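Okay, structure first, notes after.
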Amino acid sequence: MSDCCSSKACQLDALRRRQTSTLKIVLLINAAMFFAEFAAGWAAGSVALVSDSLDMLGDALVYGFSLYAVTESLRTKALAARIKGLIMAAFALAAFGQVVYRLLVPQVPAFEAMGAMGLLALLANGVCFALLWRHRTDDINMSSVWLCSRNDLIANLSVIAAAGGVLLTHSGWPDMVVGIAIAVLFTRSAITVLSESGRELRRADADHQPTPSIPAGRSHD
């Protein structure tokens, strides 16, 4: 009798367990960071921090959908990826809304809070990125999750850069520029994930198309 772990089924089960464990950890990290970063961003009056915190919340929701999809079919994973893309698009609109609000109600944010929270978020997302790296090519479910993590690191570095810009210029423009950049990043990621999920859905539907039957009594020419 062959060892279970030499079979495809056992390997797949082991992969799903690893994916589930990783997703639970990164979900908890992102949920905790959302509350911390949103509170700091609101208190500091920072568009960049609030936008980045919305990214954390979006990621926590994305990871939740990904946990559900780990053991599901290709079609379900593609549908989950589509929902993730829609979530990214919604938070892009929210980030743009924050920028518009700050244009109407100008405020110079507290660069100290921006820098400190930006560094903490960078550390947290660095851990998530490292955990997700091994799963980045597993399937569309995990590749979309890894894309979120990669974008988080870019957003965190941008927040830190914005804090330095606010310190040097004594204005809120660096903060708003980074807020716009994060919103654009959300938008591009949403388009990418929605496009890939559309392709996967078409592939899944094609795989399940019934094979046309030949009526009885008829033969091919």
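Through the Karplus equation 6.51 cos²θ - 1.76 cosθ + 1.60, θ set to phi - 60°, convert the phi angles of segment 28-36 into ³J(HN,Hα) values in whole Hz; use x for Gly and Pro.
Taking θ as phi minus 60°, the curve returns 4, 4, 5, 5, 5, 5, 4, 4, 5 Hz for segment 28-36.
Applying the Karplus parametrisation 6.51 cos²θ - 1.76 cosθ + 1.60 with θ = phi - 60° to the phi angles of segment 103-111, what ³J(HN,Hα) value in whole Hz is obtained for each residue in order, glycine and proline being reported as x?
Each residue of segment 103-111 in turn: 5, 7, 10, x, 7, 8, x, 7, 5 Hz.
At 0.36 nm per residue, minus the direct Cα-Cα distance, what do R203 and V105 gain on full extension? Give it in nm, one decimal, please. Working shown, then result.
Values: separation 98, 0.36 × 98 = 35.28 nm, distance 4.80 nm.
Roughly 30.5 nm would be gained on extension.
Only the coordinates and a few stated rules stand behind these numbers; no lab work does. If you're wondering where the values come from, they're calculated on a predicted model, not measured in any experiment.
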